[in-house]
1. Relative to the longest principal axis of chain A, what angle (0 to 90°, nearest 10) does the C-alpha long axis of helix A:7-19 take?
2. Taking the axis that carries chain B onto chain A, what is the nearest Cβ in chain B, and at how many Å, to the whole number?
3. Label position 7 Å from Cα toward Cβ: report the copy-to-copy distances for B:LYS72 in nm, one decimal, ordered from shortest.
4. Using only Cα atoms, find the angle between the long axis of helix B:48-61 and the longest principal axis of chain B, and express it within 0 to 90 degrees, rounded to the nearest 10.
5. Using alpha carbons only, how many angstrom separate the centre of the stretch A:55-77 from the centre of the stretch A:3-32?
6. Using a probe radius of 1.4 Å on heavy atoms only, what accessible surface per residue do you get for the protein assembly as shown? Whole Å² is fine.
7. Looking at the protein assembly as shown, what % of the alpha carbon pairs are farther apart than 26 Å?
8. Check A:VAL64: other-chain or 5+ apart residues with amide H under 5 Å from its amide H, H built from backbone geometry?
There are 2 protein chains.
Amino acid sequence: MLEQIAPLELKAKMYRGFADPTRLSILESLRDGERMVGAIVEATGQSQSNVSNHLSCLKECGLVTSRRDGKKIFYSIASHQVQSLLNDGDLVLREIRDCIRSCAKYDY
Amino acid sequence: MLEQIAPLELKAKMYRGFADPTRLSILESLRDGERMVGAIVEATGQSQSNVSNHLSCLKECGLVTSRRDGKKIFYSIASHQVQSLLNDGDLVLREIRDCIRSCAKYDY
DNA sequence: TCATCATATCATTAAAGGATGATATGTTAG
DNA sequence: CTAACATATCATCCTTTAATGATATGATGA
């Protein structure tokens, strides 16, 4: 099954990691450096279980990495390339800010 | 309402344009240059109404632009910056291809 | 004006997706 | 060993999302 998945769908799947507000807020909280789960929970204002759930997926997708230090687990952005994508996202948003604000779809 | 939407949600909203397979295939079909709707329909293999619906949203969000030539409407990627984001997406995907393939979420 | 071409819009439906809250699991100090 | 800390997992539910197919709208040539 998965062997036959087209690159396009893989790519869309990748962008999904950025397209959900909770996930994006997690990634944003990690831009300045690694954080433990508890800190991500505080930074994002989401429930611990929700954050854990999303982190699990982001990690499995390869967008973040983790390391354990005793009871604590630290997460960080997986690569410079992911950071670069986030930076580009900022630039695009700057361009289309007014348009996207007025679009009625995806009213978060 | 919309005035109060946080930048994070705006950004997630922007990434949404890339995270849906149909939308992404539309954007991908435009990377080499502008196309009329009919051609996008062929390139993506989606129904005309579905393509139109997504194009409408992509346009309103500012990710694509359009011009009319008689009966035909041509769409193109809105800016170099959007192209750049697509390029970065390719690079990230290259890095995480094996991981994301194995992730069970978003089985397109 | 009307038929044809090209595209946009709309109502409906089925499926996907995300959050919650309880609970399970892993680590560690006393 | 046990309690406390930190995090992961799970079942459920509600909301959102995308596709379909019919139809509306716009442009044009005869």
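The values are calculated or read from the model by the stated rules, or taken from the named source; none is laboratory data. For clarity, every value in this text was computed on a predicted model and none was experimentally measured. Note: ideal-geometry Cβ built from the backbone for every residue, glycine included; neighbour counts use all protein chains shown. What goes into the accessible areas is simple: the full protein's heavy atoms, side chains included, and nothing from ligands, DNA or RNA. Shrake-Rupley method; radii C 1.70, N 1.55, O 1.52, S 1.80 Å.
1. Here the helix axis deviates by roughly 70 degrees.
2. It is B:ALA19, 2, counting Cβ atoms only.
3. 6.2
4. Relative to chain B, helix B:48-61 is tipped by roughly 70 degrees.
5. The stretch A:55-77 and the stretch A:3-32 have Cα centres separated by 15 Å.
6. Numbers: 10650 Å² over 216 residues.
Per-residue value: 49 Å².
7. In whole percent, the long-distance tail amounts to 36.
8. Placed amide hydrogens put A:LYS59, A:ALA78 under 5 Å from A:VAL64.
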